[in-house]
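The values are calculated or read from the model by the stated rules, or taken from the named source; none is laboratory data. Fair warning: this is a prediction, and the values are worked out from it, not measured in the lab. Cβ atoms come from the backbone with ideal geometry, glycine included; neighbour counts cover every protein chain shown. For the accessible areas, the whole protein counts, side chains as well, though only heavy atoms, and no ligand, DNA or RNA atoms are used. Shrake-Rupley method; radii C 1.70, N 1.55, O 1.52, S 1.80 Å.
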Amino acid sequence: MTTTAQNPLAYLHEQLAEMDAKGLHFRLRVLEGEQKPVAHFDGNDVINLSSNNYLGMTTHKTLRRAAIDAIRTHGVGAGAVRTIAGTMDLHMALEEQIAKFKGTEAAVVFQSGFTANAGTVAAILGKDDLILSDELNHASIIDGARLSKATIKVFKHKDVADCERILQENANWSGHKLIITDGVFSMDGDIAPLPALCDLAEKYNCIMMVDDAHSSGVLGRNGRGTVDHLNCHGRVHIQVGTLSKAIGAMGGYVCGSRDLIEFLYLRARPFLFSTSHPPATAAACQAAFTLLDSPEGERLVKKLWANTKVFKRELKKRGFQFKASETPIIPIHVGDAAKAFEFSRKLFEAGVYAPAVGYPTVAEGKARLRAIVSATHKREQLLKAADTLAEVGKQLGAV
């Protein structure tokens, strides 16, 4: 007698079918070729408003050359974790360069921005400590806070008074306290009230930490981030950034005091248990920071903001509203998730790629399209994209 074993993962198929029925089961779009303002996705050339490649670094000739040269001199991989045999001269030089660029004592590079956030929070705090986190902070911050086993208190988005209320209620907390916020919030493109949060950190003896993923290469002098943009130098103890967005390659980094970085070398689990960056990636990142800190870098950042101003103006002319956005991240609010995914699909068919974002990335009922402008978009591409967004949006009653 034979029996067919029951599939213990059958429930996943059922949940996928449920998401499909709600119009939420999206499939990955495949990029064929380079990440450019007009890119080839799924066999179609579309105006690309979906990328975090703010400055066009992914295809910059200087980064290409640096990556190729590093492969010739150092090979294609590091071959070990950093703490054993995987720390190359390229990694140390990159960390020194980042620290100098950000104006801190030291820096450490992680394999991703996600692990930089999660690994740092989980390493420096424990069960006796307190974390105050903005309610719209990135998932990597949320996961790091949970992994730390510290007590987590969430304050209302950008609400400094609410953050202080929590601090007052916990005035006698005996452990360490951390205030943590995104510098630029990735779904609405708004900027954190960093100076006021720094005031609270100083008043209540808290560690101040900011995730500058979407402001690295975007805000501040030559893209130095929100700390520079809002003149908070010396007031933020931990600065996190990414190498995967405006820098054009892959990875994340943490900047701060020499003691902080030495401690992360010894206790941050993603650093301890992941093979280090390939030489080509480290070298490309070095080339990107050198480029940023030059007249060409300054020109690219200015062009990014000029393009952002043009695109926002043209969208507003066509009836779109995005009051919160202060950066090149432009949310097109739809509300209903199924409608947002339909909007994105029809837009793609019309030649513009702006992905839909729904739950759990954003709260239920707050689905939107997210458009991101780059320095390498041409004016005519942005005008065409604005026209297409308006045409498709009107068909769906979204504008």
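Matching residues to (1) under 19 Å from I372 (Cβ atoms); (2) in contact with a Gly (Cβ under 9 Å, 6 or more places away or on another chain):
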| site | (1), (2) |
| --- | --- |
| N52 | yes, no |
| D69 | no, no |
| A85 | no, yes |
| T120 | no, yes |
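The number of residues in the range 220-238 that are touching a residue at least 60 places away in the same chain (Cβ under 8 Å) and either in a strand (DSSP E or B) or crowded, with 24+ Cβ neighbours inside 10 Å (or both) comes to 5.
Cβ separations smaller than 9 Å between residues 6+ apart or across chains give the following pairs from the range 1-22 residues that are within 17 Å of F341 (Cβ to Cβ) and among the basic types (K, R) to residues that are surrounded by 11 or more Cβ atoms within 10 Å (Cβ to Cβ) and at pLDDT 85 or above: K22/A337; K22/A338.
Condition check ((1) within 17 Å of S216 (Cα to Cα); (2) in contact (Cβ under 8 Å) with a residue 40 or more places away in the chain) across all residues:
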residue	(1), (2)
L90	no, yes
E95	yes, yes
I98	yes, yes
A116	yes, yes
A123	no, yes
K127	no, no
S133	no, yes
H138	yes, yes
I142	no, no
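In the range 339-358, the qualifying residues are those that are open to solvent by less than 30 Å² (accessible area, probe 1.4 Å) and small (G, A, S), and the one that is farthest from H25 (Cα to Cα) is G351. Taking the range 368-388 as the range and being assigned to a helix (DSSP H, G or I) and closer than 30 Å to E298 by Cβ as the test, the residues that pass are R379, E380, Q381, L382, L383, K384, A385, A386. You will find that of A324, A288, the residue that is of a type outside the set (D, E, K, R), within 15 Å of L243 (Cβ to Cβ) and either part of a helix (DSSP H, G or I) or at pLDDT below 95 (or both) is A288 and no other. Residues that are under 23 Å from L243 (Cα atoms) and either surrounded by 15 or more Cβ atoms within 10 Å (Cβ to Cβ) or β-branched (V, I, T) (or both) within the range 297-321 comprise G297, L300, V301, K303, L304, W305, N307, T308, listed in sequence order. A single entry from G393, G365 fulfils the requirement of being over 18 Å from D45 (Cβ atoms), touching a residue at least 12 places away in the same chain (Cβ under 8 Å) and surrounded by fewer than 21 Cβ atoms within 10 Å (Cβ to Cβ): G365. Just name the residue that is nearest to the chain's Cα centre (by Cα) out of those in the range 188-219 that are in contact (Cβ under 8 Å) with a residue 60 or more places away in the chain and over 30 Å from P295 (Cα atoms). Checking each candidate, the answer is I207. A residue that is over 21 Å from T115 (Cβ atoms), among the hydrophobic types (A, V, I, L, M, F, W, C) and touching a Leu at 6+ places or on another chain (Cβ under 9 Å) can be found somewhere in the range 230-243. Taken over the range 342-367, residues that are farther than 18 Å from N48 by Cβ and either in a loop (DSSP other than H, G, I, E, B) or not small (G, A, S) (or both) amount to 10.
What are the residues in the range 308-321 that are of a type in the set (K, R) and in a loop (DSSP other than H, G, I, E, B), if any?
Step one: filter the range 308-321 for residues of a type in the set (K, R), giving 309, 312-313, 316-318.
Answer for the range 308-321, where residues must be of a type in the set (K, R) and in a loop (DSSP other than H, G, I, E, B): just R318.
Each residue in the range 176-206 was checked for being of a type outside the set (D, E, K, R), outside any helix (DSSP H, G or I), within 14 Å of L132 (Cβ to Cβ) and open to solvent by 20 Å² or more (accessible area, probe 1.4 Å), and 4 pass. In the set G248, G225, G234, only one residue is within 18 Å of A282 (Cβ to Cβ) and of a type in the set (G, A, S); that residue is G248. The set of residues in the range 67-78 being of a type outside the set (S, T, N, Q) and either without any contact (Cβ under 8 Å) to a residue 60 or more places away in the chain or open to solvent by 80 Å² or more (accessible area, probe 1.4 Å) (or both) consists of I68, R72, V76. Close contacts from the range 158-174, counting a first residue that is assigned to a helix (DSSP H, G or I) and a second that is open to solvent by 40 Å² or more (accessible area, probe 1.4 Å) and modelled with pLDDT of 95 or more, with Cβ to Cβ under 6 Å and a gap of 6+ residues or different chains, come to D162/K156; I166/K153. Screening the range 87-156 for strands (runs of 3 or more DSSP E) wholly inside it with 3 or more residues that are closer than 29 Å to G75 by Cβ returns the ranges 106-110.
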